[in-house]
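Inspection log for the structure reproduced underneath, given as structure tokens.
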Amino acid sequence: MKETYQKRALLLSAATVGYNVIEGIAAVTIGMITNSSALVAFGLDSFTESLSGSVMIWRFGKNRDDEDETKAERRALKLVGYTFFILGAYVLFEAGKQLFGQEAPDKNLFGIVVAVLSLIIMPALMRAKYTVGKQLGSKSLVADSKQTLACIIMSGVLLLGVGLNYLFGIWWADPVAGVIIALLLFHEGKEALESDED
């Protein structure tokens, strides 16, 4: 039974990586073209989600004895936690620079579309990863599912920030959304690292 759950974890992780690489490339590219810090932040989060998924592929891609399993679990959990902090620092810097420099982003319909797509796809992926993580007793996969939950929350924040700019010309909503995304990333990183100490 454990082997079946590990295969599911591997498949879910591969799906996470594939989807997020495509989403990340598109979001960062369009975000840079339109000067949208929220969209760039969202795209970078997609790459972090891909990194987290890659860690899970490494974690579940090999059978290990119990001692190696425990070490791999702890290492994977730490790596997932650190990815949040790295991304959060970059996003906070970029959004702060845009806010203080009063750099208005272009109106961006793509940001709205990508946020809506993410709000449709990510909840199912998050629930599946969380369920399999609990069945395996894997804190790292549960932490990875929380990273997907953070992506869902960020999708909502992105939709709000880019949507307010697109519909009403409220330019500062975009970088403020970037700041909120950065704070969410720091919170998720802290939780992942603290769960490693349990």
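The values are calculated or read from the model by the stated rules, or taken from the named source; none is laboratory data. These figures come from a predicted structure and were not determined experimentally. Glycine gets a Cβ as well: all are built from the backbone with ideal geometry, and neighbour counts include every protein chain shown. When the accessible area is computed, the model is the full protein with side chains, heavy atoms only, and any ligands, DNA or RNA have been set aside. Shrake-Rupley method; radii C 1.70, N 1.55, O 1.52, S 1.80 Å.
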Subject >> Whole-number accessible area per residue in Å² for the stretch 96-198, which is evaluated in the context of all protein chains at 1.4 Å >> reply: 47
Original post:
Tell me, how many Å apart are the Cα centres for the stretch 102-153 and for the stretch 1-56?
Top reply: 9
Subject >> Of all accessible heavy-atom area on the stretch 18-129, the percent that carbon and sulfur account for (1.4 Å) >> reply: 68
Original post:
By how many degrees, 0 to 90 and rounded to 10, does the Cα axis of helix 2-34 deviate from the longest principal axis of the chain?
Top reply: 20
**OP:** Would you please state which residues of the stretch 67-103 a label at L10 would reach in this model, taking the label point 7 Å out along Cα→Cβ and a backbone N cut-off of under 20 Å?
**Re:** 67-77
Subject >> Computed helical MRE - 222 nm, the chain, DSSP H runs ≥ 4 contributing -39500 (n - 2.57), nearest 500 >> reply: -32000 deg cm²/dmol
**OP:** Could you run the Karplus curve 6.51 cos²θ - 1.76 cosθ + 1.60 with θ = phi - 60° over the stretch 129-137 and give me ³J(HN,Hα) per residue in whole Hz, x for Gly and Pro?
**Re:** 5, 4, 4, 5, x, 5, 5, 8, x
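Placing +1 at every Lys and Arg Cβ and -1 at every Asp and Glu Cβ, with all other atoms neutral, what dipole size does the chain have around its Cα centre, in debye to the nearest 20?
For the chain, the charge dipole is close to 400 debye.
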Original post:
Any idea what the relative contact order of the stretch 1-142 is, in percent, if you count C-alpha pairs under 8 Å spaced at least 6 apart?
Top reply: 33
Subject >> For the chain, alpha-carbon Rg and Dmax in angstrom >> reply: 17.1, 57
